[in-house]
Amino acid sequence: MSSQANATSMSMIVTKGTLDWAYPPFILATTAAAMGLEVNMFFTFYGLGLLKKDLNLKISTLGNPAMEMPMMGMHMALPNIVSALPGVDGLATSMMKDLIKKKGVASIEELRELAIEAEVKMVACQMTMDLFEYKMEDMIAGPELGGAATFIEMASKSDINLYI
Amino acid sequence: MSSQANATSMSMIVTKGTLDWAYPPFILATTAAAMGLEVNMFFTFYGLGLLKKDLNLKISTLGNPAMEMPMMGMHMALPNIVSALPGVDGLATSMMKDLIKKKGVASIEELRELAIEAEVKMVACQMTMDLFEYKMEDMIAGPELGGAATFIEMASKSDINLYI
Amino acid sequence: MSSQANATSMSMIVTKGTLDWAYPPFILATTAAAMGLEVNMFFTFYGLGLLKKDLNLKISTLGNPAMEMPMMGMHMALPNIVSALPGVDGLATSMMKDLIKKKGVASIEELRELAIEAEVKMVACQMTMDLFEYKMEDMIAGPELGGAATFIEMASKSDINLYI
């Protein structure tokens, strides 16, 4: 591949399922699709939950590497003991959701809908479905089932591959 | 690279060391090898622990982005304060191990052995060996030592590159 | 791309902002640049904090998948309740910083400076700047602003792409 070659396709393996980590794959997918790329998303492990009909995403204060939450403009560093108290994640999540709304950032539900409209190909990991005992009726319509071999095949035909 | 080109090799940089996050690299490695790809794995940071002879992997409830543990079919959302109590990670880990066994999913030890048999090339990060003071006698035989340049070289010759 | 082709460029999307997870992107960037590759870094989400003038990075004991901290040669497994106590992360962070210093590993500030000197191209995510209300005067000089499309463009021209 010449360094000037333009990508024609991108494949992502989506493994995380929190409110914050749901944004990168859907923003990248919708942006790449809008730029004319063929986009594949393989949802596995905790990321498979992003294909559920009812998304009830929570932010992971504890998984936040910076251990600080942007809250209405203040950067609040939460001591871990505080962020470990029941209710605090719920508070952080609703503050994050308010912030997203205030800033006019699309919701994950909206971005997922945009991705579907843009014909982004979505594959749900069969092994994770089995392991976590997810039911097909709880998942959105559209995604097909596949395994690691499905991802390897998609990735082998893609110019950009990302593990998210 | 034409978008129809088939991949001939895959390189992964493996940075995580929990029971859950140990699965993606070994599943991808063994699947890709079975499909005929040449596979390289560069183990660094917490991922280097996956090359220890004695694996004593724990699940990271706190690192679980969905903050829910699939437990024998029930999805239990643990309040962080509960998951922060001593013993709870151990409980979650043994329940996860039971679930893996019940579902017939291979153990990490088994997948690692399969990867070695499939001639997956494994490289242990020298800098991490030094930083974490790991001893060669605690590691499995086979992997060679290397640095970031070793990974860049492997990645530059691979069609699929993933940072895990 | 033939499997013997040499890479001429690498693009990374940098999403994490802790002391430990700041190392992989900067080590890979400086190593690849030293090997003659053109390197692009797109800083977004918690990773954007790595472009702040004043870095005050903390290690994430809770985000440490191995749930053990290498401390002066001892591997100490911290019960989560202990690592959740105020002050423990600060202690772990200063012990990690001491270890890094003792082992002669460069600081993130030093690696970042090396990357800039090696003409690594750095892009700061505009959406994250807005969402987290970061101010330009708090960021180092050099990086330009961009969006997901900027990353897709860079990645489409790169041989190695990594989501970190």
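Derivation of every value follows stated rules applied to the coordinates shown; laboratory data play no part. The structure displayed is predicted, hence computed values, not measured ones. Cβ coordinates were reconstructed from backbone atoms using ideal geometry, including for glycine residues, and neighbour counts include every protein chain displayed.
Table for the structure above
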{"read-out": "Within 10 Å of each Cβ in C:121-132, the average number of Cβ atoms from other chains", "value": "2"}
{"read-out": "Neighbour net charge for A:Ser11 - beta-carbon separation under 11 angstrom, K R +1, D E -1", "value": "-1"}
{"read-out": "Placed amide H near C:Leu145: partners under 5 Å, 5+ positions off or other chain", "value": "C:Ala124"}
{"read-out": "Nonlocal amide H pairs with C:Ser9, under 5 Å, H built at 1.01 Å", "value": "C:Glu38, C:Asp159, C:Ile160"}
{"read-out": "Cα centroid of the range B:33-55 to Cα centroid of the range B:122-149, whole Å", "value": "11 Å"}
